[in-house]
Every structure is written in C-alpha cells, then in structure tokens.
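Report on the following structure.
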Amino acid sequence: MREGYSLNSLADLRAIPPEQRTAKSARRVASKNAWYGFNPLSTAEDDNDLAVAPDDIADDEPGRWEMMISATRGDGGGGGGDGDLSDLLDRVVALENQTSYLSDEIFNLTNTGSRLDDLVNGLPGAIAQILAALLFEEGVLFDASYDSGTNETTAYTNYLDSDRWVVVEVRDGNVTRPFEVVYESSGSWIRAKVVLSGDYSSATLRAFIVRVPYEYEIAAIAEDAIQDIGGS
C-alpha cells in the first residue's frame, strides 16, 4: 500500500515515522491549506507554521518539515498571471521538489472520474503546459480480442522503454470505460495489458498514460514553457 499525501493537521505531519521522511518527501496539510517538504538538514526553529519538527527529533537535531511557499500559492489554481515569470519559476522549483511525490501519487489517479484533459485544463496555463508535456501521453490500443465466455475485451499498449508510466484512463471513442490493467515486461521494455468488460474494437480504443519525469526533463520542458508564454 502506497502512503498517502493528504493530512488533516500539523500533529499528523509531526507523527510521520522516519522511514517515510526523505529529502523528496512532500505532504499537504489541510488545516494549513499548505504543502510541506521535508528538509533533513534543517535546524530551523519550530514555529508551528513555516517549520515543523517531527515528534521524534529534538530541537537541537536536524530535520524539519518546511512549508513549500510556492506550492501553497498554487493550491487555489487561479493565482498569478501566466506572464509572471518569477512566480512561474517558483512553481517550477516546487514541481522539481515533488517529483518523488508524483511518482507515487499517479497511482491514485486510476479511479478519477474526470478525463485527464479536464484535469489539465483546470490548471493555470503555464503549469498545465508543463504538466501536459511532462506527464501525459496518448496511444492507440491494439490487438483487441473479445472473449464471449467472459464478456471481456483484451488489448495491449506498445512496449515502452521504462517502468516510469501507468495507464490511468481508457476511452472507447470519447467515452471513458472501466478497465483493469496488468503490466508485462520483456527485458527492459514494459507494456500494459488492458482488460475491459464488453466487446470493443481496437480501432476506437485509446489509452491515456501518465509517466513520471526524470529531473532533467522537468528543467528542459519548463524552460520551453516559459519561453512560450513570454520569456526571452
């Protein structure tokens, strides 16, 4: 079971055990409406706001949860204009800090009731552009075969060259369909076997894939997005 990222209070944040705290750990605290990232080197004073010490760390020992200011600003989804490069760069830093968070959190998207393009369209323009370029891919499912005995259609994605992706939505035309997925490997290559209830044709099936970006990809794609919205 993958650990969650939404907490109710700072008390919950303080109680997170050491095995769930790394330099890339991030948690959202609902009572503060803010994101916190763990800094294992920090000795900042615990002010119950910007810096929070875990329960098992003494005041003179390093290790603090620190409020991620830029990520917190972005919670509302509408703050700042697309042309504000300073704010955008802050958000890119927050995105880099949450790469590990994204690696696990994408698995929680499998039960989303919204289409992926709707999720992206709800974000500020620049951030949506960066996330779409980093995370989302679309592909045609092939070799769809129907089994009348089980009333199921089985289809496959093409092989991809890493395990840093997951199928999060399957559509028949423009209609999202429930599905089950099994990931199969051949050496260093991975593909997904997708099973849907009912009889479908591979000509109308599409798979939407989320992939976890490498750190160097974030910097490159973010720079392109900044240029597109008015950078020089």
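Return the FRET efficiency for the residue pair residue 48, residue 22: r is the Cβ-Cβ distance, R0 is 35 Å, and the value is rounded to the nearest 0.05.
According to the calculation, E is roughly 0.95.
When averaged across all projection directions, what area in nm² does the alpha-carbon convex hull of segment 6-68 cover?
That works out to 3.5 nm², a quarter of the Cα hull's surface.
What does the accessible area of residue 211 come to, in Å² to the nearest 10, when a probe of 1.4 Å is used?
50
Could you sort 175, 195 by their accessible area in this structure, using a 1.4 Å probe and putting the largest first?
175, 195
Got a number for the accessible area of residue 142? Probe 1.4 Å, square angstrom, nearest 10.
80
Using 0.36 nm per residue of separation minus the Cα-Cα distance, give me the extension gain between residue 201 and residue 176 in nm, one decimal.
7.6 nm
The values are calculated or read from the model by the stated rules, or taken from the named source; none is laboratory data. All of these numbers come straight from a predicted model, not from anything done at the bench. Please note: Cβ atoms are built from the backbone with ideal geometry, for glycine as well, and neighbour counts cover all protein chains shown. These area figures cover heavy atoms from the full protein model, side chains too; ligands, DNA and RNA do not enter into them. Shrake-Rupley method; radii C 1.70, N 1.55, O 1.52, S 1.80 Å.
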